[in-house]
1. Give the residue that is surrounded by the fewest Cβ atoms within 10 Å (Cβ to Cβ), with candidates limited to residues of region 55-76 that are touching a residue at least 12 places away in the same chain (Cβ under 8 Å) and farther than 19 Å from residue 293 by Cβ.
2. Against the conditions (1) closer than 30 Å to residue 120 by Cα; (2) part of a helix (DSSP H, G or I); (3) in contact (Cβ under 8 Å) with a residue 40 or more places away in the chain, where does residue 317 fall short? Just the number, please.
3. Can you tell me which residue is modelled with the highest pLDDT among those in region 10-46 that are assigned to a loop (DSSP other than H, G, I, E, B) and under 20 Å from residue 299 (Cβ atoms)?
4. Just to check your reading of the model, which residue among 298, 335, 272 is within 17 Å of the chain's Cα centre (by Cα) and under 28 Å from residue 12 (Cα atoms)?
5. Among what's in region 278-290 and is under 23 Å from the mean Cα position of the chain (by Cα) and within 23 Å of residue 333 (Cβ to Cβ), pick the residue that is surrounded by the fewest Cβ atoms within 10 Å (Cβ to Cβ).
6. Can you tell me which residue among 36, 110, 29, 40 is touching a helix residue (DSSP H, G or I) at 6+ places or on another chain (Cβ under 6 Å), exposed (fewer than 14 other Cβ atoms within 10 Å of the Cβ) and farther than 30 Å from residue 208 by Cβ?
7. Say we look at region 77-104 and pick out the residues that are more than 19 Å from residue 194 (Cα to Cα), crowded, with 17+ Cβ neighbours inside 10 Å and without any contact (Cβ under 8 Å) to a residue 40 or more places away in the chain; which of these is nearest to the chain's Cα centre (by Cα)?
8. Could you tell me which residue of region 291-314 is surrounded by the fewest Cβ atoms within 10 Å (Cβ to Cβ), considering only residues that are more than 20 Å from residue 32 (Cβ to Cβ) and free of Cβ contacts under 8 Å to residues at least 60 places away in the same chain?
């Protein structure tokens with residue numbers, strides 16, 4: 001989620017822009033999933049919302065994370081420690097965002113399994129496990145970029161088989177959910193989502209080892225990417241079908257190598273667009289806010305989930321389309337305001 005684990009380097013404006021927009025799209029899709037009625041969820045607006053909350057969100061987070069990890073000179077111990085902290089942070093976030101619901105379960109107001117919500121496999125836990133595994137793979141693959149890319153293809157390729165296999169019961173079921181499987185609480189398991197971290201890592205190594213790639217001017221070579229854009233537009237209905245089927249065995253949370261390949265091509269086109277936007281309008285005040293969100297991505301992500309998760313206890317699948325837009329504006333403003341206060345407090349404490 002945060003970038004990068006390792007030595008401080010000059011901020012990449014395009015990366016901050018990618019992460020900032022990803023957070024904004026993620027806020028709206030979380031509201032669509034949690035607040036909005038089934039009729040709206042299954043409407044064309046709902047499908048558009050879920051698509052915008054798909055390829056430009058989690059895959060972008062993870063690919064950017066992997067991209068910057070490739071520049072880190074930190075030892076394995078650092079990756080193990082930071083990965084464990086992120087994993088535990090993901091569990092704590094589950095407790096925080098489900099606090100209202102868990103309280104109702106404890107009081108006996110609702111009859112639900114609390115572990116379903118406490119052990120939810122969200123993106124923070126995934127990021128922690130990805131850090132640990134990538135740190136280990138660095139020792140094996142060294143700086144061989146194509147080995148990391150082959151590993152990404154392998155992870156995406158075996159995901160459908162793993163997601164269809166049995167997950168056991170009790171503790172083994174919750175452990176299996178972090179790897180894959182069709183459990184209802186397995187949103188971002190390692191298979192297939194670790195593949196995006198590996199892909200980002202591989203691309204970064206390829207750029208570092210091939211200086212000529214850095215010299216390519218996107219403005220001059222943009223015409224060569226037009227067929228890619230056309231292909232993306234033509235195949236959007238296929239991708240939208242996947243993103244609207246969140247929990248299915250071949251849906252968004254548990255997709256296979258075909259959708260992984262589509263997302264990689266999509267991200268190349270999307271990255272090209274964001275680089276053009278950053279190069280031409282990077283100093284715009286509005287984009288500056290988006291970049292700030294990207295810089296504070298972990299804090300903003302946690303805050304929006306704490307707000308949405310606890311409100312969902314009262315609003316689950318009850319809001320209409322007009323209310324969806326209203327909640328998106330209200331939650332976004334509240335999240336940014338609280339995030340600003342948190343960063344101010346952190347800055348004040350750091351001075352002391």
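The values are calculated or read from the model by the stated rules, or taken from the named source; none is laboratory data. A quick note: this is a predicted structure, and the numbers were derived from the prediction, not measured. Glycine also receives a Cβ, built like all others from the backbone with ideal geometry; neighbour counts cover every protein chain displayed.
1. The qualifying residue surrounded by the fewest Cβ atoms within 10 Å (Cβ to Cβ) is 73.
2. Every condition holds for residue 317 apart from (2).
3. So the residue we want is 12.
4. Values: 335 fails: within 17 Å of the chain's Cα centre (by Cα); 272 fails: within 17 Å of the chain's Cα centre (by Cα).
Exactly one residue qualifies, and that residue is 298.
5. Selected residue: 286.
6. Values: 36 fails: exposed (fewer than 14 other Cβ atoms within 10 Å of the Cβ); 29 fails: exposed (fewer than 14 other Cβ atoms within 10 Å of the Cβ); 40 fails: exposed (fewer than 14 other Cβ atoms within 10 Å of the Cβ).
Selected residue: 110, the only one of 36, 110, 29, 40 that is touching a helix residue (DSSP H, G or I) at 6+ places or on another chain (Cβ under 6 Å), exposed (fewer than 14 other Cβ atoms within 10 Å of the Cβ) and farther than 30 Å from residue 208 by Cβ.
7. So, considering only residues that are more than 19 Å from residue 194 (Cα to Cα), crowded, with 17+ Cβ neighbours inside 10 Å and without any contact (Cβ under 8 Å) to a residue 40 or more places away in the chain, the one nearest to the chain's Cα centre (by Cα) is 94.
8. Among those that are more than 20 Å from residue 32 (Cβ to Cβ) and free of Cβ contacts under 8 Å to residues at least 60 places away in the same chain, it is 299.
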